[in-house]
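Some notes on the structure that comes next.
The values are calculated or read from the model by the stated rules, or taken from the named source; none is laboratory data. A quick note: this is a predicted structure, and the numbers were derived from the prediction, not measured. All Cβ positions, even for glycine, are placed from backbone atoms using ideal geometry, and neighbour counts span all protein chains on display. Ligands, DNA and RNA are excluded from the accessible area calculation, which covers all protein heavy atoms including side chains. Shrake-Rupley method; radii C 1.70, N 1.55, O 1.52, S 1.80 Å.
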Amino acid sequence: MDQRKFVLEQLKAHHLTVSTAESCTGGMIAAALTDLAGSSSVFVGGVVSYWTEIKHKVVGVSRETLDEFGAVSPQTAKEMAEGVRNIMGADLGVSVTGVAGPDSDERGNPVGCVYLALSDGKETHVYKPEHLGNDRESIRRGAVDFALKLLIAYCGR
């Protein structure tokens, strides 16, 4: 079965809604979920926050977090997931921020450094997957795959 379809079925079975805040994936997680018919029953909405200022103004990441840790950090991923969940009124918030390349970011985070977070309003867990790929396309696809697996694992707990 298609992993995306399985995610949607699991979210429906558990009566959960999800929202996304994406940076380096540019909306690919939202697209993966909404490519399938019936996704509107579980997918509330998403924000592509490529610029740091959008992470702050729209998604709600604190200025202090961005100044101290930067846009690509576990702290920012955490606040993105919590912020988008709150803004959208969803049960779950999923976020991704990272460096897909071709160059490292202004803080020296290397290409392939990606953080994802999942928030359910009680807890927020942050993950740093390793070996998502060696190029921009594979890093971004790997991050989407990881996000879908996070949702499956959450529903299966």
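Could you identify the single residue in Gly46, Gly93, Gly83 that is within 22 Å of Leu148 (Cα to Cα), in contact with a Lys or Arg (Cβ under 8 Å, 6 or more places away or on another chain) and modelled with pLDDT of 95 or more?
Going through Gly46, Gly93, Gly83 in turn, the sole match is Gly93.
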Among residues of the stretch 112-140 being modelled with pLDDT of 95 or more and of a type in the set (A, V, I, L, M), the residue most open to solvent (accessible area, probe 1.4 Å) is Val126
Per the list (1) modelled with pLDDT of 95 or more; (2) farther than 21 Å from Arg157 by Cα; (3) small (Gly, Ala, Ser); (4) open to solvent by 20 Å² or more (accessible area, probe 1.4 Å), residue check on Ser104 breaks on (1)
When the stretch 46-90 is checked residue by residue, the ones that are surrounded by fewer than 24 Cβ atoms within 10 Å (Cβ to Cβ), under 12 Å from the mean Cα position of the chain (by Cα) and basic (Lys, Arg) are Lys78
Of the residues in the stretch 114-157, those that are small (Gly, Ala, Ser) and without any contact (Cβ under 8 Å) to a residue 40 or more places away in the chain come to Gly121, Gly133, Ser138, Gly142, Ala153
